[in-house]
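Below is one structure; the comments refer to it alone.
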Amino acid sequence: MKALVTGGAGFIGFNLTKLLCDEGHEVTVLDNFSSSGRKTADSRAKLVQGSVGDYDLVFDLLKDKEVVFHLAATGIIKFSLENPLLYFENNVMNGITLLEAMRKRGVNKMVYSSSSGVYGEPQRTPIQENDVKEPINPYGAAKLAFEDVLSAYYYAFGISSVCFRYYNVYGPGDRQHPVTRAVPKWIQAALRDEPLVLYWGGRQKKDYIFVEDVVRANLIGASKCQGFKVYNVGSGEGILMSDLSDKLEEVFGKKLNIEQKGNREGDPDVLIADISRIKEDLGWRPLVDLETGLTKTIEYYRNRL
Amino acid sequence: MKALVTGGAGFIGSNLSQLLCDEGHQVVVLDDLSSGHRQLVDQRAELVEGAIEDSKLLSEILPGIEVVFHLAATSTITYSLTNPRKYFENNFINGVILLEAMKKADVGKIVYSSSASSYGNSDERPLKENDLTEPINPYGASKYSFEHVLSSYHRCFGINSVSLRYFNVYGPNDEQKNNTRAVPKWVRAALQNKPLTLYWKGEQKRDYIFVRDIVLANLMAALNCNGFDVYNVGNGRGVWMKDIVKKLEEIVGRELTIEDAGERPGDPKFAMADISKIKEKLGWHPTIDLETGLKITVDYFKTRITENL
């Protein structure tokens with residue numbers, strides 16, 4: 001198939017583009033390199049620098065495309081508190097520009113990278129897709145708002161979409177800058193013999209999912225994109241952050257220097273996916289366990305250093 | 001209290017401003033008059049003609065305001081299908097601009113006029129606030145998505161909000177141009193001896209709520225605005241569209257001509273509110289029954305038509 005991947009130079013987009021190319025698909029990547037940490041994409045893909053909000057450019061790129069993987073986003077949660085409007089502009093309004101161009105071009109499939117941030121403080125664990133959603137920061141609100149847009153575009157204009165609510169994605173290729181995610185931060189710190197910063201005494205329980213599993217979900221999502229669908233994408237299992245650092249010590253085979261940093265507001269204690277819906281509807285399940293995933297991730301950063 | 005009413009020259013906003021003035025509150029109305037009417041604004045309120053995305057204007061009128069009633073919106077569902085982007089700009093992004101201005105001016109309360117269109121398709125069962133929300137048109141999506149913004153502004157910036165999801169509101173002051181709402185259209189048609197356009201042969205069940213009850217809900221929400229809350233505002237009981245026609249016939253005292261407009265795609269058969277939450281939490285309940293409400297509405301349009309003629 002012919003696909004457009006927005007945000008294809010970013011962490012997940014880069015991995016997705018690689019998978020799509022490996023599977024023989026024809027890929028165009030659109031990225032403005034604002035937060036990707038790299039200015040490249042898989043060499044087999046056509047790479048275009050630009051914004052999803054640039055209607056003419058997007059309209060042009062959509063020619064003959066069958067599906068759009070929409071990953072481009074302003075993604076760092078804590079900055080969304082400093083400049084909320086920017087997040088709503090980039091993550092919602094630019095998405096609407098993209099959808100309008102798709103509508104004019106007759107491209108009627110979108111796989112959207114949403115976020116577990118849509119739920120806010122979960123009212124139960126594990127979280128199901130229809131549970132209460134009360135986002136606790138502008139980032140989560142923007143990601144959820146765009147799901148509403150997609151719902152409307154399906155019912156009003158027949159553009160089908162699959163929304164994937166990612167939990168904590170980790171793996172090779174994460175060059176987020178500045179680094180806010182725990183796993184890449186810890187691994188890079190460990191490789192440099194610097195201390196690992198741990199919040200909440202490591203008592204937070206999160207759901208870690210390897211990036212290869214996430215991009216495989218995207219591929220399956222595209223092949224079964226019909227209607228308006230929303231899925232959690234996680235491992236379905238929680239891990240205590242303190243156990244995660246223990247696991248890293250195990251994989252590294254050495255004692256790591258942990259720096260306890262106390263509490264951090266605006267970060268739910270427990271965030272674990274119920275993945276029964278995606279298993280049942282799409283036949284997807286996580287294939288890479290945490291140990292294998294971490295080993296591959298460490299390998300990646302070791303080579304980078 | 002000192003209140004800002006955005007969209008205060010519109011149907012619901014003008015009724016709200018009037019109630020607030022009646023209750024002795026100080027009211028500033030902000031309206032760009034794109035769909036509102038200057039003459040609907042209560043004399044006791046201060047009318048500022050302008051847009052909610054005008055940050056500079058907001059920075060001038062917000063200081064000292066205790067609560068914002070946010071009703072300004074582009075609201076005709078049909079047109080949201082021809083120009084979706086405009087709906088998200090007006091109903092979503094411009095709301096964010098308003099919130100940013102509130103943050104700067106330290107205004108900590110907003111009562112938001114949301115919509116039953118947040119839910120999307122439904123069946124005969126009355127809708128609860130936590131039911132599935134899948135908007136089926138850009139209007140519904142733009143209204144619902146702003147609730148998420150409010151959720152995040154409560155948690156991050158301490159701005160409290162109450163979102164009121166209106167079902168079918170009717171009553172005096174509904175002067176929408178090219179009116180798309182059934183009741184004002186029918187009342188006008190009936191009074192002018194024109195045929196009433198009826199879709200689906202009237203086999204649709206809706207939840208009609210009189211505007212006076214809606215503005216009362218706004219007032220109570222403002223007094224209980226301390227968190228992030230969402231409530232349905234409706235009658236809680238459905239009425240068949242064909243039965244509204246019958247009620248109108250009783251009120252005007254003669255048989256009305258019906259024009260069968262066939263089926264209208266994307267128009268759900270049922271849309272009814274479960275109002276137990278707002279009853280329990282705010283102590284609000286509808287006070288005006290359909291017959292009384294329709295009579296008042298008919299009287300209003302009777303006067304309006306006489307004025308125009």
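Structure notes:
- All conditions in (1) over 30 Å from B:L99 (Cβ atoms); (2) open to solvent by 40 Å² or more (accessible area, probe 1.4 Å) hold for A:G8, with the sole exception of (2).
- Filtered residues of region A:83-114 (kept if facing chain B (nearest Cβ under 10 Å), of a type in the set (A, V, I, L, M) and either closer than 13 Å to B:S152 by Cβ or not in a helix (DSSP H, G or I) (or both)): A:L85, A:V92
- Considering region A:151-160, and only residues there that are touching a residue at least 12 places away in the same chain (Cβ under 8 Å) and in contact with a Leu (Cβ under 7 Å, 6 or more places away or on another chain), the residue that is nearest to the other protein chains (Cβ to nearest Cβ) turns out to be A:Y153.
- Residue within region A:218-227 that is more than 14 Å from chain B (Cβ to nearest Cβ), among the small types (G, A, S), closer than 25 Å to A:M110 by Cβ and without any contact (Cβ under 8 Å) to a residue 60 or more places away in the chain present: yes
- Members of region A:31-66 that are farther than 17 Å from A:F14 by Cβ, open to solvent by less than 30 Å² (accessible area, probe 1.4 Å) and not in a loop (DSSP other than H, G, I, E, B): A:V58, A:L61
- Restricting the search to helices (runs of 4 or more DSSP H) fully inside region B:15-130 and requiring at least 3 residues that are more than 20 Å from B:D174 (Cβ to Cβ) and open to solvent by 10 Å² or more (accessible area, probe 1.4 Å) gives B:55-61, B:94-105.
- Within region B:146-166, tally of residues that are part of a helix (DSSP H, G or I) and over 18 Å from A:E121 (Cα atoms): 1
One line per residue, one yes/no per condition, for (1) in contact (Cβ under 8 Å) with a residue 40 or more places away in the chain; (2) open to solvent by less than 30 Å² (accessible area, probe 1.4 Å); (3) under 22 Å from A:G37 (Cα atoms):
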site	(1), (2), (3)
A:Q123	no, no, no
A:Q128	yes, no, no
A:V149	yes, yes, no
A:Y167	yes, yes, yes
A:G171	yes, yes, yes
A:K185	no, no, yes
A:R203	yes, no, no
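- Figure legend. Inter-residue proximity from region B:210-231: first residues within 14 Å of B:Y112 (Cβ to Cβ), second residues open to solvent by less than 10 Å² (accessible area, probe 1.4 Å) and of a type in the set (D, E), beta-carbon distance below 7 Å, spacing 6+ or different chains. Indicated pairs: B:V230/B:E147.
- Extreme residue, surrounded by the fewest Cβ atoms within 10 Å (Cβ to Cβ), among residues of region A:93-109 that are in contact (Cβ under 8 Å) with a residue 40 or more places away in the chain and farther than 17 Å from A:S51 by Cβ: A:K104
- Sole exception among (1) open to solvent by 30 Å² or more (accessible area, probe 1.4 Å); (2) within 11 Å of another protein chain (Cβ to nearest Cβ); (3) of a type in the set (S, T, N, Q) for A:S80, by number: (1)
- Within the option set A:S235, A:S245, being touching a residue at least 24 places away in the same chain (Cβ under 8 Å) and in a helix (DSSP H, G or I) holds for one residue only, A:S245.
- Qualifying residue in region B:144-158 (condition: at the interface with chain A (Cβ under 9 Å from one of its Cβ atoms), on the phi < 0 side of the Ramachandran plot, among the polar types (S, T, N, Q) and surrounded by fewer than 22 Cβ atoms within 10 Å (Cβ to Cβ)): no
- Residues located in region B:168-178, provided they are of a type in the set (D, E) and open to solvent by 20 Å² or more (accessible area, probe 1.4 Å): B:E175
- One residue from B:D106, B:D123 being over 21 Å from B:F270 (Cα atoms), charged (D, E, K, R) and more than 9 Å from every other protein chain (Cβ to nearest Cβ): B:D106
The values are calculated or read from the model by the stated rules, or taken from the named source; none is laboratory data. Keep in mind the model is a prediction, meaning the values are calculated, not measured. Here the Cβ is made from the backbone with ideal geometry for all residues, glycine too, and neighbour counts use every protein chain on show. Ligands, DNA and RNA are stripped out before the accessible areas are found, and what is left, the full protein with its side chains, is counted by its heavy atoms. Shrake-Rupley method; radii C 1.70, N 1.55, O 1.52, S 1.80 Å.
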